[in-house]
1. Could you work out the local net charge near P20, counting Lys and Arg as +1, Asp and Glu as -1, over the other residues with Cβ closer than 15 Å to its Cβ?
2. Which net charge results when you count Lys and Arg as +1 and Asp and Glu as -1 among the other residues whose beta-carbon is under 12 Å from that of L36?
3. What translational D, rounded to a whole number of µm²/s, comes out for the chain from Stokes-Einstein when the hydrodynamic radius is the Kirkwood one over Cα pairs, at 4 °C and 1.567 mPa s?
4. Please report, as a whole percent, how much of the solvent-accessible surface of the chain comes from carbon and sulfur atoms (probe radius 1.4 Å).
5. Around I11, under 12 Å between beta carbons, what's the net of Lys plus Arg minus Asp minus Glu among the other residues?
6. Mind checking the per residue accessible area of the chain for me, 1.4 Å probe, whole number of Å²?
7. What relative contact order, as a whole-number percentage, does the chain give when Cα pairs under 8 Å and 6 or more residues apart are counted?
8. Once you have the Cα-Cα distance between T74 and R13, take 0.36 nm times their residue separation minus that, and quote the gain in nm to one decimal.
Amino acid sequence: MNLEIELFDAIDRVVHQDYPNPRGIDCPGHFVLQKLAAEPGVAHSVSTLAHIRHCAPCFDELRELRRRRTDQKT
C-alpha cells in the first residue's frame, strides 16, 4: 500500500474518533478550505491548519476538495 495513503488513513481514524465536531464549531468555511486545497504549497493561517487537524468535517471536506482537484488534473 502507498505510504501516503496509509498516513492519511491513520490521521482520518484519529480525527474522526477524537474530534468529530458534529456542530461545526469554529469551522473556517468552504471558501477557506477551497483555497487551501487549491494552493497547498502556500502558507496558510496556523489557526486554520490547527482547526482542520481537530475537526473531522473540515478534514473530510479538504480531502474531498483535494481529491477533486487531483482528478481534474488527470
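The values are calculated or read from the model by the stated rules, or taken from the named source; none is laboratory data. What you see is a predicted model; the values in this text were computed from it and never measured. Positions of Cβ are backbone-derived with ideal geometry, glycine not excepted, and every protein chain shown enters the neighbour counts. Surface accessibility is based on the protein's heavy atoms, side chains included, excluding ligands, DNA and RNA. Shrake-Rupley method; radii C 1.70, N 1.55, O 1.52, S 1.80 Å.
1. Details: positive: R13, R23, R53; negative: D12, D18, D26, D60, E61.
Summing Lys and Arg as +1 and Asp and Glu as -1 gives -2.
2. Summing Lys/Arg as +1 and Asp/Glu as -1 gives +2.
3. Rounded, D is 100 µm²/s.
4. 56
5. Details: positive: R13, R53, R63; negative: E4, E6, D9, D12, D18, D60.
Surrounding charge for I11 is -3.
6. On the way: 5500 Å² over 74 residues.
Averaged over the residues of the chain, the accessible area is 74 Å².
7. Reported as a whole number, the value is 41 percent.
8. 19.2 nm
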